[in-house]
Amino acid sequence: MKKAITHHPNALKVLLVAVLPMGATSSLAAQTPETIYQQTCSVCHDGQIASAPRKGDTAAWAPRLAKGKDVLLENVLKGYSVMPPKGMCFNCTNDDLRGVIDWMAH
Ligand code: HEC
């Protein structure tokens, strides 16, 4: 007597791919001096704190620039007077900060 061989095919699991909404990814790589300034530095450097030199205020920046850009970067990194370390841009690299300082001072 022949034995009926019944196959029980494995149920195929259907994987539903959840499509993540576009634009949900971080755009940190797209930081430019201008966006960093607007998001962070301008909180103080746009007239709110009188002693914080404003963008493009060359008279206010001249004595700062005279110290040398390395000194300015150093002061921003460790904090200067009432300015907190990194000017509060915690995801900024040194190069980002160099770029913003340069941008602000002109
Ligand atoms: C919480 C307020 C605040 C924020 C935020 C801030 N600053 Fe400042 N910053 C100041 C003040 C106030 C001074 C002037 C301090 C003084 O000379 O007494 C200053 C000074 C500076 C100087 C001159 C330092 C020197 O040695 O003379 C640089 C450069 C500078 N800020 C860059 C930045 C950059 C770049 C950012 C953003 C990434 C930033 N700041 C964010 C308040 C701030």
query = Going out from 0 in 5 Å bins, what whole percent of all Cα-Cα distances in segment 29-105 drops into each bin?
reply = 3, 17, 30, 31, 16, 3, 0
task = Report the calculated FRET efficiency for Val82 and Ala59 (r = Cβ-Cβ distance, R0 = 30 Å), to the nearest 0.05.
result = 0.90
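Values in this text are rule-based calculations from the coordinates and carry no lab data. Values in this document were obtained by computation on a predicted structure and should not be read as measured data. Virtual Cβ from ideal backbone geometry, glycine too; neighbours counted across all protein chains shown.
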